[in-house]
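Taken together, the values in this text are just the output of simple stated rules run on the coordinates, not laboratory data. Because the structure is a prediction, the values reported are computed rather than measured. Methodologically, a virtual Cβ is constructed for each residue, glycine included, from the backbone with ideal geometry; neighbour enumeration extends over all protein chains shown.
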Amino acid sequence: MRSPTRALPLLAIAVLLAGCAPVIALQPADDAVNPLCADVIVHLPETVGELPARETDAQATAAWGEPASVILRCGVPVPPPTAEFPCVTVDGVDWLRDDKDDPRFVFTTYGRDPAVAVIIDSVAVSGIEALTDLSNAISGIPAEGKCIGLSE
């Protein structure tokens, strides 16, 4: 028979595991195996806009919040120059903003290969705040181009 004191650590582990949020199922992007994506993932923050990091099941992906309010996928197709989506620059990283599913916005890096897409639920966190929190990790992918104005 186990002693009560030896059973307590096992009980504590079981309680902790029961309270864990489930793993988020995501699809890896086509270029998720790119070594620059691995560099991005290891430099991601533990929180984005005060939302805690979550575990995902796909390579080069990350998520924050319960439910997941920020989802990142590295290795998405590099977007071509476009006038369809506005470009915003946050801490030196250019992002194309797709707002067709407002209040969920999709931001995709511009001028970086591999590209990174971030889906942000703007009800839970400000897009600028989330992109600011992620910019340090994303800036590890060298900029090969930048957004320009229509006059350029």
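A compact table of results
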item: Protection-proxy order for peptides 111-118, 63-70, 50-57, each taking the mean of Cβ atoms within 10 Å per residue, highest first; result: 111-118, 63-70, 50-57
item: Rel. contact order, % - alpha carbon contacts under 8 angstrom, at least six apart, the range 20-152; result: 25
item: Simple Cβ-charge dipole of the range 58-112, Lys/Arg +1 and Asp/Glu -1, about Cα centre, in debye nearest 20; result: 180
item: The range 31-152 shape via C-alpha gyration tensor axes, a/c threshold 1.5; result: oblate
item: Cα gyration tensor shape of the range 45-99, rounded if a/c is under 1.5, else prolate or oblate by comparing a/b with b/c; result: prolate
